[in-house]
Structures are given as structure tokens and as C-alpha cells.
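Visitor: Right, I'll just put the structure down here and ask away after.
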Amino acid sequence: MKVHLLYADREWKGVRSYYDIESIVSDLGLTALFRAASRDQEKKKGAVLKAAAADEHLSEVLKKVMLAPLHTPEEIYYRQAVLQDFIRDETFTKQLYELSADMMVRWERLGKREMEKPGGAGVRERGMQLITQVKLLHLFVNVLTALKALCLDHRTRFQSEGLNRFADGLLEAFSEEQEEKLRTVLEDITFFCDGEEEYSLMGSGTNEVHQTRMVLSCQVENGLKLGQLTLDSMETLHKKFRKVRAKMTLSEKMKVTFAAAPTTILKNVDLLEDLSRLETRVVEYVLHCFQPFMNQCRQFFEQLYFQSAFYRACYNLYVRSSGAKLSLCYPKVCETDCLHFENLTEYSMATYRNMVPVGNDGDIRNKMLLIVTGANQGGKSTFLRSLGVAQIMMQCGMFVSANCFESGIFPHFFPHFTRREDSAMNSGRLDEELGRIDRIIAHLGKDSIVLLNESFATTTEEEGSDIAYDIIRALTEAGVKVLTVTHLLSFARRVYEENRSEVEFLCAERTEDGRRTYKMIQSAPELTSFGLDLYDQIIPAQPVSD
């Protein structure tokens with residue numbers, strides 16, 4: 001059994017993340033997005049209600065998957081198709097995750113962590129370990145039965161390759177014949193869990209009990225010792241009793257299990273101990289035969305819990321976005337030198353503030369450098385973050401907050417946003433910025449993108465412009481795509497005058513009265529950032545006295 005909901009050809013294991021994921025989370029404001037995804041969202045008369053408690057597993061999984069990029073268009077479209085199936089079928093989405101989550105809770109109660117410890121098998125008494133294994137097999141079978149029923153109820157709605165393969169694989173691996181065989185075995189060995197109501201196989205009547213009879217063959221060795229025991233058959237008998245006690249004594253259990261044994265023999269303490277050990281060995285043997293199946297179930301349920309959590313988290317974000325009337329689309333993959341978007345909004349801001357930010361349009365073709373200039377407080381940094389968040393969401397197979405979005409695939413993604421000076425810095429801010437740039441350069445690879453937000457502005461305008469020009473020119477000549485927001489006007493004008501045909505220039509729009517529209521428009525770099533507008537807002541002009 002394989003899950004394969006995140007990848008068509010493999011499970012989630014050994015997946016490589018972006019370099020410096022904490023900087024990506026911090027610079028793009030993704031924490032708010034992870035937090036929103038952890039809460040169950042419910043629609044009610046157009047409003048969106050947040051559940052009281054958060055599921056931290058959802059936020060943790062979303063963070064891991066979002067920050068591990070896909071590398072091909074096929075991988076992206078495969079995951080998009082699965083996500084669309086989950087979003088279309090709310091009931092299936094919730095029940096699949098709830099089944100896997102409940103499964104993990106029950107598994108933990110049975111001692112999952114202790115089972116996984118090296119050498120943990122000798123910690124408990126042998127019989128208690130076998131009881132736990134019987135319970136675990138019982139749990140696996142019951143959850144697989146519920147999963148199969150869920151898939152059968154909803155499979156006609158599946159349109160994606162991923163969910164159809166998941167359902168087909170489950171139904172094939174856990175067929176009716178396989179389920180019947182497993183339940184028969186469980187019925188034969190569940191006597192080992194006497195007194196455990198949850199795992200009892202008693203009938204619905206109060207006077208019916210299941211008894212297991214084992215037929216063994218063996219060789220008699222010297223000293224009348226038994227050797228080479230073989231389990232020939234097991235069968236469960238159904239008998240009527242006037243009253244069934246919750247838990248049998250050892251002698252009573254022996255009488256039920258080994259029904260042919262004479263009473264006089266059962267009174268011998270040594271033989272009772274031998275029979276108990278024999279019983280343990282038989283159950284141990286039966287469970288050993290099913291170890292490959294149980295190991296397969298362990299891997300399957302761990303993967304299902306992780307992978308279903310990603311789609312559950314995405315569904316929560318989708319419902320929240322719909323309630324806020326935020327436009328969403330499934331992006332398309334294009335060449336790395338192209339970037340097209342319509343009504344692109346900053347998704348982290350929309351999630352955090354529960355609002356719809358101003359959207360932007362752009363159609364950039366055959367260019368690897370974008371320079372954004374313009375008025376202070378004009379929305380430039382927000383626009384750059386919107387591009388970064390959209391790129392990250394696209395590269396993990398998610399939807400994007402736009403009417404449409406097309407971009408290339410950049411598995412090497414590097415943000416370089418200005419940082420506030422704090423006590424953790426061991427040098428000046430310019431040294432810190434150059435240090436981060438140096439580390440980024442050391443980790444560049446094929447298909448890299450760098451987002452620079454007001455970088456190198458911590459020194460003089462002249463020196464900062466020279467640094468920016470040299471670094472950005474070197475990056476673009478190496479085939480790196482660069483998106484930069486800058487107030488270094490000398491740098492921007494120099495690039496515009498030297499290479500305007502190969503560079504896209506956008507400017508934060510400002511009306512004649514100084515109002516910011518938060519729109520980015522195509523424009524040559526201006527010679528001012530209109531800082532006096534902010535000055536006038538803070539310190540209104542005083543009337544001139546006579």
C-alpha cells in the first residue's frame with residue numbers, strides 16, 4: 001500500500017528543502033499563513049468562523065511541504081489536481097484526515113514510541129508485548145476497513161490521478177479476501193486480549209463467547225521434551241454460556257484454548273506454565289507471519305497522516321480565502337525568463353489582516369531582472385512579498401492569490417530583505433547584508449531566484465548603488481533571476497540607461513495629489529522617492545503670519 005498523494009512515484013522521505021527556510025518564513029511573513037491553516041474553518045452564511053483550538057500538526061506539515069519545492073511541471077500539476085479533488089469534496093477531506101489522526105492517537109496509546117526504540121522489545125513482559133501487537137493488528141484492520149469504505153463512498157468524485165491511484169491501491173491491497181483472512185486470524189488470537197472490551201470479539205448477545213482451538217504437531221525428543229512445534233490449524237468455536245465473566249483465570253483460559261486437555265493435567269502448576277509458554281509461542285508465531293503486513297501498515301499510516309494533513313491545511317486556507325472573497329487560481333509553469341500575473345495580492349497579508357489587499361498586474365517576458373522603484377510607502381515591499389509568496393505556493397502545488405499566475409520553477413529561492421539592527425548583530429548592518437549575500441552566492445544552483453528588498457541602503461547612496469550594480473550584474477550574468485525593490489536611484493537610472501531593453505522597470509504609482517494607489521506600473525526610475533509627502537503628513541504646513 002502506498003499513499004502517493006504528494007508525489008506520483010514516491011512518498012515523503014528525504015525531501016530537500018530550500019536553503020535558509022527561516023529567512024524565507026520571516027521575510028515573506030509565512031507564519032500567519034501556517035497559523036491560519038492550523039484552524040478548522042467553517043462556512044456559515046458567507047462568514048468564516050475559526051475553531052477554538054489549533055491543530056499544530058497541520059501547521060508543521062504545511063511548513064515542511066511548502067518549503068520543499070517541486071522540480072518539474074508534472075509534479076506541480078499532479079499535486080494541484082489532487083488538491084482540487086480535496087477542495088471539491090469537503091466531507092472526504094475532513095474524514096480522511098480525522099481517520100488518520102485518530103489512528104495515530106490510538107497508536108500512541110498502545111506505545112508507538114516505545115515500540116520504535118532500539119532494543120525496546122525486552123523492556124516489557126513478553127506476553128504483554130504480544131497483547132499490544134494483537135491490539136495493533138486489530139486497530140490496523142479496523143482503520144483500513146473504514147478507509148476502504150470512505151474511498152468506495154467517494155471515489156466516483158475523484159478526478160485526479162493521485163486520489164484514484166490511492167483508492168485503487170488500497171482496495172487491491174486490502175481486498176475482501178485479505179480482510180476476511182485477517183479478521184479470521186484476529187478472531188482466533190484475540191483470546192490473548194481477554195478482558196479488553198475494545199478488542200473483544202464477543203457477539204452481540206450477552207451469552208455468547210468465542211473459543212479458540214489450536215491443533216499442534218511436534219516431535220518428541222530425549223527426555224520426552226517437545227521439539228519442532230508446528231501449528232497445523234486454528235479455529236474459533238462459538239459456545240453458549242449462561243454468564244460470561246469479564247476476565248478468565250489462567251486455568252479457565254487454558255481449558256478454553258486447549259479444550260482437549262484433561263482437567264487433571266491442568267491442575268499441575270508446571271504444566272500450566274508450559275501451556276502458557278506454548279500459548280505465547282503460538283501467538284508469537286502467528287503475529288510473526290503478519291509482520292510484513294504490519295510493517296507495511298506502519299509506513300502507510302505514518303505517510304497518510306502526514307500527506308492528508310497537507311491537503312487538510314490547504315483546505316482550511318481555501319475556506320478562509322473564500323470567506324474573505326480573495327481571488328485564487330492554480331498557476332501555470334512557464335519559462336524562467338517569463339512572469340505573468342493578474343490581480344496578484346499578498347496572501348500572507350490577506351491571511352493576517354483578513355482583508356483583500358490591492359492587486360497588481362504584470363506581463364514580463366524574456367527578462368531576468370525586475371527593478372521596482374517609486375514613492376515611499378507605495379506598496380513596493382508588499383508587492384515583492386506577493387511575488388515571493390506566490391512563487392513558493394506555486395512550487396509546492398498550491399493555489400495562488402491571483403486571477404492568474406505564470407512563472408518558471410526556481411528550486412533555489414533566496415530572499416534578501418533588510419533587517420532591523422539588534423543586539424544579535426556582531427557587525428554593522430552593511431557587513432551583515434554583505435555576509436548574507438555571500439552565503440546566498442555560495443548556495444546558488446541551476447534555476448535560482450533572488451529577491452532583494454531595499455538591500456545595500458545602509459550606506460551612502462553612491463556606495464550602495466555601486467555595490468548593488470556590481471552584485472546584481474554578476475547574478476544576472478550567471479543566469480540568476482533577480483527581483484529587486486530599491487531606493488538606490490543612481491543604481492536604477494544607470495541600469496535603465498545602459499540596458500533598458502533587457503530589464504523590466506516598475507514604479508509604485510503616486511497621484512498628483514500625493515496619494516498612493518499601491519499599484520505597480522511600468523515606468524522609468526524617477527529621481528525621487530517623494531519622502532516630502534510623508535513629511536507633510538506628519539508635520540502639516542503652518543500658515544504664514546504677516
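Visitor: How many of the residues in region 397-408 are part of a loop (DSSP other than H, G, I, E, B) and within 20 Å of the chain's Cα centre (by Cα)?
Guide: So the answer is 4.
Visitor: Identify, please: which residue in region 329-345 is in contact (Cβ under 8 Å) with a residue 60 or more places away in the chain and either among the β-branched types (Val, Ile, Thr) or assigned to a loop (DSSP other than H, G, I, E, B) (or both) and is, among those, nearest to Leu83 (Cα to Cα)?
Guide: It comes out as Tyr330.
Residues checked against (1) aromatic (Phe, Trp, Tyr); (2) at pLDDT 85 or above:
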{"site": "Cys151", "(1), (2)": "no, yes"}
{"site": "Arg155", "(1), (2)": "no, yes"}
{"site": "Asn164", "(1), (2)": "no, yes"}
{"site": "Ala167", "(1), (2)": "no, yes"}
{"site": "Glu176", "(1), (2)": "no, yes"}
{"site": "Glu180", "(1), (2)": "no, yes"}
{"site": "Phe192", "(1), (2)": "yes, no"}
{"site": "Ser200", "(1), (2)": "no, no"}
{"site": "Thr230", "(1), (2)": "no, no"}
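Visitor: Here's a check for you: in region 449-493, which residue that is part of a helix (DSSP H, G or I), out of contact with any Ser or Thr (no Cβ under 7 Å at 6 or more places or on another chain) and hydroxyl-bearing (Ser, Thr, Tyr) is nearest to Glu509 (Cα to Cα)?
Guide: Tyr469
Visitor: In addition: Which residue pairs have Cβ atoms closer than 7 Å, lie 6 or more positions apart in sequence or on different chains, and pair a first residue in region 364-390 that is among the basic types (Lys, Arg) with a second residue that is surrounded by fewer than 22 Cβ atoms within 10 Å (Cβ to Cβ)?
Guide: Arg365/Cys338; Lys367/Asp337; Lys367/Glu502; Lys367/Val503; Lys367/Glu504; Arg385/Gly29
Visitor: Only residues that are of a type in the set (D, E, K, R), part of a strand (DSSP E or B) and within 25 Å of Ile409 (Cβ to Cβ): list them for region 494-515, please.
Guide: Glu504
Visitor: Further question on the same structure: Since Glu172 meets every condition but one in (1) in contact with a helix residue (DSSP H, G or I) (Cβ under 8 Å, 6 or more places away or on another chain); (2) part of a helix (DSSP H, G or I); (3) at pLDDT below 95, which condition does it not meet?
Guide: All conditions are met except number (1).
Visitor: Taking Glu432 as meeting all but one of (1) at positive phi; (2) surrounded by fewer than 19 Cβ atoms within 10 Å (Cβ to Cβ), write down the number of the exception.
Guide: (1)
Visitor: Among the residues of region 16-43, write down those that are assigned to a loop (DSSP other than H, G, I, E, B) and surrounded by 15 or more Cβ atoms within 10 Å (Cβ to Cβ).
Guide: Tyr18, Tyr19, Asp20, Gly29, Leu30, Ser38
Visitor: Look at Lys94 and say whether it is under 18 Å from Gly162 (Cα atoms) and basic (Lys, Arg).
Guide: Yes: the conditions hold for Lys94.
Visitor: While we're here: Restricting attention to region 353-376, report how many residues are within 20 Å of Leu317 (Cβ to Cβ) and of a type in the set (Lys, Arg).
Guide: 1
Visitor: Can you spot a residue in region 403-420 that is exposed (fewer than 14 other Cβ atoms within 10 Å of the Cβ), more than 30 Å from Leu83 (Cα to Cα) and modelled with pLDDT under 95?
Guide: yes
Visitor: Report the residue count in region 345-371 for those that are out of contact with any Gly (no Cβ under 9 Å at 6 or more places or on another chain), of a type in the set (A, V, I, L, M, F, W, C) and modelled with pLDDT of 95 or more.
Guide: Residues flagged as out of contact with any Gly (no Cβ under 9 Å at 6 or more places or on another chain), of a type in the set (A, V, I, L, M, F, W, C) and modelled with pLDDT of 95 or more within region 345-371 amount to 3.
Residue-by-condition table, conditions (1) among the β-branched types (Val, Ile, Thr); (2) outside any loop (DSSP other than H, G, I, E, B); (3) modelled with pLDDT under 90:
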residue	(1), (2), (3)
Phe92	no, yes, no
Val105	yes, yes, no
Glu108	no, yes, no
Arg113	no, yes, yes
Ala121	no, yes, yes
Val141	yes, yes, no
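The values are calculated or read from the model by the stated rules, or taken from the named source; none is laboratory data. What you are looking at is a predicted structure, and each value in this text was computed from that prediction instead of being measured. With ideal geometry, Cβ positions are generated from the backbone for all residues, glycine too; neighbour counts draw on all protein chains shown.
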